[in-house]
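See structure below.
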Amino acid sequence: MFSLIRENIYIAFDSIKSQLLRTILTVLIIAIGITALVGILSAVSALENTISSDFSSMGSNTFNIQRYEFNTQRRGDDARKINPVINYREVKTFKEDYNFPSTKTSIAFLGTRSAEIKYDNKKTDPEVQVFGVNEHFIQNSGLEVELGRALNYFDVENSNSVCVIGSDLKKALLDDVNPINKTISVRGAKFKIIGVLKEKGATFGNNQDLRVLMPLQKARTIFTNPNINYSLSIKTDKKDMLEGAQDEAIVLFRNIRGLNPVEENNFGLEKSDDLINRIGSITGVLETAAWIISIITIFGSTIALLNMMLVSVTERTREIGVRKALGAKRSTIAFQFFIETIIIGQLGGLLGIILGISLGYIFAAAVDFKFVIPWTAMIAASIITFIVAVISGSYPANKAAKLDPVESLRYE
């Protein structure tokens, strides 16, 4: 039994070699559909993985109060609604009056995106982000301190000249020394480094590791722009308390802003889960497009493979007659052509998977996304190519098995 299967496989490979050009074209047609599927799904997985991990940096069980909703955008020629900035008085009042159980409130503002940081005779390019934050910002944002410690309540209340820096800033200025207790200069003010954040990476060109976190009050003495926009982040200890905490926060902040009951919110409120789900809906559309494109292409490859095998049966009619005359059974003839179809289908699938993963990796590397191997797409591609081979090979194999040996030997 096994020797017969092995012999049929050898014959299948010999047949493939004898019609190499036609086989290569068929393999390429199959590979194009699989490449489209695996390539697009690889890119989507990289996009989804990167964005999900970055937005999850808000921290679990956390929601933000900010100037605009995440999805606010211009519609047609109408300018988007302009919300007033969230000022210091409002965030200070909110933190003092918000008393929902088991919550921590973080206050933060972006002082600048283009600070030049100095250490001894070294300095960075003017591309460092500087934030003024309170003691809960690091925890609420899902950040981790790799060296040293985080800012605490006394640092913030006493306006201590201390800071926590990103990992890339450490590499740029203090890569060869222990950064803890070293002094850096920000806009002429001296700050002692008390901690270094764990690496987070970059998203859409925004380097999250090239930043300085300093106590809120101290930052306000350096960045004195009257229109500074603050943000609030509220973290609950338990997920089932999140909705209640969010509702109370909306009511309180509406009161702080003096909104009457019929007025819409003039601020945004976002949960990390909402952002991830929104991104998921976008990537879902891309995944659907990938399946539609690949199904159309694979349908074409099924027809191409079917035609190729029918031509092969016609060209090898005399060979089939000789084999039958020598005692080959119908099942043996059918299996020979069927295994030939399976081999061609799997070669096309393998080539498509390799090309698709390569395209996904190149895309992820080009836009600085986190590439992940698309195991689901690879398994789906293998199953699809097997189904294509079964569908395309069944009729030609059956046709070959039913050929009359006498008529086959007479065939010219």
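The values are calculated or read from the model by the stated rules, or taken from the named source; none is laboratory data. The model shown is predicted, which means the values in this text are computed figures rather than measured ones. Don't worry about glycine lacking a Cβ; one is built from the backbone with ideal geometry, like all the others, and counts go over all protein chains shown.
Looking at this structure, is Tyr395 assigned to a helix (DSSP H, G or I), at pLDDT 80 or above and either more than 19 Å from Ile24 (Cα to Cα) or within 27 Å of the chain's Cα centre (by Cα) (or both)? Explain how you work it out, then say what you get.
Values: assigned to a helix (DSSP H, G or I): yes; at pLDDT 80 or above: no; either more than 19 Å from Ile24 (Cα to Cα) or within 27 Å of the chain's Cα centre (by Cα) (or both): yes.
No: the conditions fail for Tyr395.
If we scan region 36-48, do we find a residue that is surrounded by fewer than 14 Cβ atoms within 10 Å (Cβ to Cβ), hydrophobic (A, V, I, L, M, F, W, C), more than 22 Å from Ser382 (Cα to Cα) and at pLDDT below 80? No, every residue in region 36-48 fails to be surrounded by fewer than 14 Cβ atoms within 10 Å (Cβ to Cβ), hydrophobic (A, V, I, L, M, F, W, C), more than 22 Å from Ser382 (Cα to Cα) and at pLDDT below 80. Which residue is modelled with the highest pLDDT, if the candidates are limited to region 49-58 and must be crowded, with 19+ Cβ neighbours inside 10 Å and under 19 Å from Ile234 (Cα atoms)? The qualifying residue modelled with the highest pLDDT is Asp54. Within region 246-273, residues that are β-branched (Val, Ile, Thr) sit with their Cβ atoms under 8 Å from residues that are part of a loop (DSSP other than H, G, I, E, B), at 6+ positions apart or across chains, in these pairs: Ile250/Asn265. Contact map, region 385-412: residues that are within 19 Å of Glu319 (Cα to Cα) and in the same structural domain as Leu37 (by TED's automatic domain parsing) paired with residues that are part of a helix (DSSP H, G or I) and at pLDDT below 65, Cβ distance under 7 Å, separation 6+ or inter-chain. No pairs are found.
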